[in-house]
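Here, each number is a calculation from the coordinates, and none is a lab measurement. What you see is a predicted model, and the numbers here were worked out from it, not measured in a lab. Positions of Cβ are backbone-derived with ideal geometry, glycine not excepted, and every protein chain shown enters the neighbour counts.
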Amino acid sequence: MADIKIQPVLLGTDFNCYGMARSFHEAYGVKSIAFGVAALATTKYSKIVDVNLVENFNSDPIFIETLRKFTQTMDADTTYILVACGDGYSELVSKHVAELQKNFICNYIDNELFNRLGNKESFYEVAAEHGLPFPKTQLITKEMATNPASIELPFNFPVALKPSDSIQWLDVHFEGRKKAFILDKREEFDELLPKIYQAGYTGKMICQDFIPGDDSNMRVVNAYVGSDHKVRMIALGHPLLEDPAPAAVGNYMVILPEQNQQIFDNIQKFLESINYVGFADFDLKYDERDGIFKVFEINIRQGRSSYYCTLNGCNLAEVLVDDQVYHKPQDQVQYGQVQKVWLGAPEEVFYKYAKDNEYKQKAMELLKKGQKGTTAFYKKDSFKHRLLMRYAFHILKGNYKRYFVQR
């Protein structure tokens, strides 16, 4: 097979970006190019990604104009691979996918399907159509929130409350704002709803029956679907700890790799039935009341913590390049293996705060054998980058002391 020169172009400068840059560097020894709006610690001082900061790059017309300008500098003998590393960038790529595919390897769904999946309200409609289980759900509009006490919920407290439009939510700010809320009492619900809309949010809110249990009941699935709409890779992770900081609720901090054929089959069936392409990231939770894993959402990209896939035999860069650049045939789905625990926090944080159960014991066994890895600490990156990441991990210890609450 002829050697093809590749150049990854990553959209975003965050943890997700660094994980993809590292996957490309490990597989091909190539340095990535990234575009974004802010200099973030995870890509600062890195030797494996060149960061280009562009004001308002996360919105049109600056987004597409910047990439059009970049195409004028491209080498004719190089294959450029475009990878979105955030929800906003995924949406922008979907809007311009036909144009971007003329110059980039760009395996993404179009804007019509993105709008059906990227909005939680319509995603649940699609999930219901295709038999993908999700929690009992009540939609709440801005008008309903003017008198929250009149809202009748078809389930009891505690409840989970989150925005249907996660992209609009990025620009909404108020005291106590979180990515998602867990509300134990009706009074909390009635007090919070008006604040959300007074802060400028206009979309619907999703109120759901809270599935009991702590982080160890969560699961995360990352998948890749080729341009033929066939799933080529699925990797399952079992989060054992989440970030407790309000702005980062839902970010996984420790992931134990697992295999579960029922989950694999459900995800594969769903993605192939909707003619999906590209990376997808699902959050699920096991409901012990009925024994079913229920899906919360789909992200139209690889997940923030998706380097756990690369650690466990599914290098995300290789999966993409084998399909889109080398066009390697693949008859069977590649499943993530159970090899290494992924750590997004110091080990001592895991030992102290993760719930004691059989899964923690499994993770501890792997850790004791040295079967572990992180996105952040890469021996081939600069000493300055590793030093900064060490400081970031140190800060996490304080966040757990300040915010952690065991449910």
### Query
How big is the gap, in Å, between the Cα center of the range 69-100 and the Cα center of the range 203-238?
25 Å
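Just want the ordering: ASP323, ASP265, from fewest to most Cβ atoms lying within 10 Å of their own Cβ.
Fewest-to-most Cβ neighbours within 10 Å comes out as ASP265, ASP323.
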### Query
If you count the DSSP beta bridges with both ends in the chain, what percent of them are antiparallel, to the nearest 5?
65 percent
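Mind checking the alpha-carbon convex hull of the range 215-403 and giving the volume per residue in Å³? Walk me through the numbers before you get to the answer.
Details: hull volume 25.4 nm³, N = 189.
Convex hull of Cα atoms, per residue: 134 Å³.
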#### Entry: Alpha-carbon Debye profile of the range 136-209, log10 I(q)/I(0) at 0.12, 0.14, 0.27 Å⁻¹
-0.27, -0.37, -1.55
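For the chain, calculate the relative contact order in percent as a whole number, restricting contacts to Cα pairs under 8 Å that are 6 or more residues apart.
On the way: 772 pairs, mean separation 69.6, N = 407.
RCO, the chain: 17 percent.
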#### Entry: Top of LYS120, LYS362, LYS69 by mean-square fluctuation, Gaussian network on the chain, Cα under 10 Å
LYS69
### Query
Given a cut-off of 24 Å, what percent of all Cα-Cα pairs of the range 5-116 lie beyond it?
19 percent
### Summary
Against the 2.2 N^0.38 Å rule of thumb, the C-alpha Rg of the chain sits at a ratio of 0.96
#### Entry: Burial ordering of TRP169, TRP342, fewest other beta-carbon atoms within 10 Å first
TRP169, TRP342
#### Entry: Distant-in-sequence amide H partners of VAL30 (H built 1.01 Å from N, under 5 Å)
HIS25
### Message
Just to check I understand the Karplus step: with θ = phi - 60° and J = 6.51 cos²θ - 1.76 cosθ + 1.60, what whole-Hz values come out for the range 131-139, glycine and proline as x?
### Response
x, 8, x, 8, x, 4, 9, 10, 8
#### Entry: By average C-beta atoms within 10 angstrom, highest first, the peptides 329-336, 81-88
81-88, 329-336
### Summary
Dividing the helical contributions, -39500 (n - 2.57) per DSSP H run of n ≥ 4, by the residues of the chain yields a 222 nm value, nearest 500 deg cm²/dmol, of -10000 deg cm²/dmol
### Query
Cysteines without a disulfide-compatible partner in the chain, using Cβ under 4.7 Å as the rule?
CYS106, CYS207
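Sort ILE206, ILE274, ILE211 by Cβ crowding within 10 Å, fewest neighbours at the top. Please report the intermediate quantities before stating the final value.
Values: ILE206 25, ILE274 19, ILE211 22.
Going from least to most buried by this count: ILE274, ILE211, ILE206.
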